[in-house]
Structures are given as structure tokens and as C-alpha cells.
Amino acid sequence: MEKEDLSRYLWIISKNFWLSHVFDLLLSGVFLIIAPLIFGINDLEPAEAARLLEQYTAIIGIFLLTPIFRPEGQKDIREVIESKYTSQTGIYLVRILMAVLTMAAYILIFILWLKANNSTLPVVRYAFGTFATAFFLGSLGLLAYGISDQIILGYMVPFVYILFNVFTGSRYVQNLYLYSLRKGSFQEKYWLLASAILMVVLTLVIKWAHSKRR
């Protein structure tokens, strides 16, 4: 029985990886690889590195987490979801976990890349801060997509929030300010991380409630 359960979940992970995650993984990887073509990544000071990580690198959270519900239109994924042995929420959790792990790995690799190019930055502190920002942006997109069932709104909302932060600073968003690392402040990152977790939970509750009404 345990072997059957393990095989089923490995099959679910494999199906979701190839049919829902691999494109977003590759897109995020390419997005980070082209960073040197847009910005300098050599000999960065801490504030310069923070600016690059918060304004550019963190955007991969939108690419990885927002489109979690996109594969529902694909037949193979639909068959997995409709299986009487597997809950739809469980499928979403598998996708979210893959997105979050990929996000964390990419951010760490990118920061180590900066270090290898003689940039000065605290690795653990900046990795956590960038992850919190990326996770928040991705969760904001996920919530917008989950509520509206429109992926374009899922992408649009976090980018509007980014522009709002860029043009107004922390005046209105307070503890949910995206770009605190460059100013030497870290407490906002805990707020962003907690808010991201709450948005993910709220999104799953909304999708669960919607499925029960069908």
C-alpha cells in the first residue's frame, strides 16, 4: 500500500513538473542568465547588489508562482486532478512546493554568482530577503489569479504593485515595502514572508470552496 502511494505521488510530481513547471523554470532561468546583459554584476557594493536582487531577481517569483492554476485546461493534468485518490488541493500544493524550491535555489545560485564576480553582500541575509520579496510577489499574483480566474490579472497585479513601490516608496505600503534591503532595513522582509504565506493559504481556501460548489 505504501509503495503504491509513493508511486502515485511520484507520478503526480513528474506529471506536474513536465506539464506545468518546466516552462516557468526555464523562463526564470533565462531571465536570470541575461542579467549581465542589462546590468553590471561585477564588483557590486551591498546597496547595489540589493537593488539588483530586489528589483530584478525577485521578479522570478511572479513567473514561478503565479501560473499555478494554468494547467487545468490540459487533459493530462485534468486526469490527475479528477483522480478519486488525489485531492485538487494536494495537486496545487505539489506545484507550489516545486515553485518555492525552484525560487529559493535560483536566488541562492544568483547570489553566489554575484559573489563569484567580486560583489560584496551578506549571502544568507540577502538570500532570505530576496526570497521573501519574490515569494510575496508570486503569492500576490497567485491570489489575483485564484480570485479572478484570469491569468493576465495574475501577472498584472504584482507588476502594478512593483510600480507603486517604485514611485511612492514605503509611504503607503509601510511594512510591505519591497525594497528595504538597499536602505539597510530587514524587518519588512518578515512581513512580506508572512503575508505571502497568508495569501497562498487564502488562495487555496478560495479554490477549495469554489470546487465544492461545482
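The values are calculated or read from the model by the stated rules, or taken from the named source; none is laboratory data. These figures come from a predicted structure and were not determined experimentally. Ideal geometry is used to build each Cβ from the backbone, glycine not excepted, and the neighbour counts take in all protein chains shown. Side chains included, ligands, DNA and RNA excluded: accessible areas come from the protein's heavy atoms. Shrake-Rupley method; radii C 1.70, N 1.55, O 1.52, S 1.80 Å.
Once you put a point 7 Å from the Cα of Phe159 and another 7 Å from the Cα of Ile33, both along the Cβ direction, what distance in nm separates them?
The answer from the label model is 2.2 nm.
Can you tell me the Rg and the Dmax, both Å, for the Cα atoms in the stretch 102-211?
So, for the stretch 102-211, Rg and Dmax equal 15.2, 51 Å respectively.
So how much slack lies between Val173 and Thr120, counting 0.36 nm per residue of separation and subtracting their Cα-Cα distance, in nm? Intermediate values should be presented prior to the final figure.
Numbers: separation 53, 0.36 × 53 = 19.08 nm, distance 2.88 nm.
Here the answer is 16.2 nm.
Gain in length, Thr89 to Ala104, computed as 0.36 nm per residue apart minus the alpha-carbon separation, to one decimal in nm?
Here the segment from Thr89 to Ala104 would lengthen by 3.2 nm.
Run the quick spin-label model on Arg182 and Ile151: label points 7 Å from Cα toward the beta carbon, then report their separation in nm to one decimal.
3.1
Taking the dipole about the Cα centre of the stretch 119-214, with the C-beta of Lys and Arg at +1 and of Asp and Glu at -1, give me whichever of Ala127, Ser170, Ser211 is farthest to the positive side.
Most positive-ward Cα: Ser211.
Per 0.36 nm of contour for each residue apart, how much would the distance between Arg51 and Ile206 grow if the chain were fully extended, relative to their Cα-Cα spacing?
52.4 nm
In what order, largest first, do Tyr106, Tyr179 sit by accessible area if the probe radius is 1.4 Å?
Sorted by accessible area, descending: Tyr106, Tyr179.
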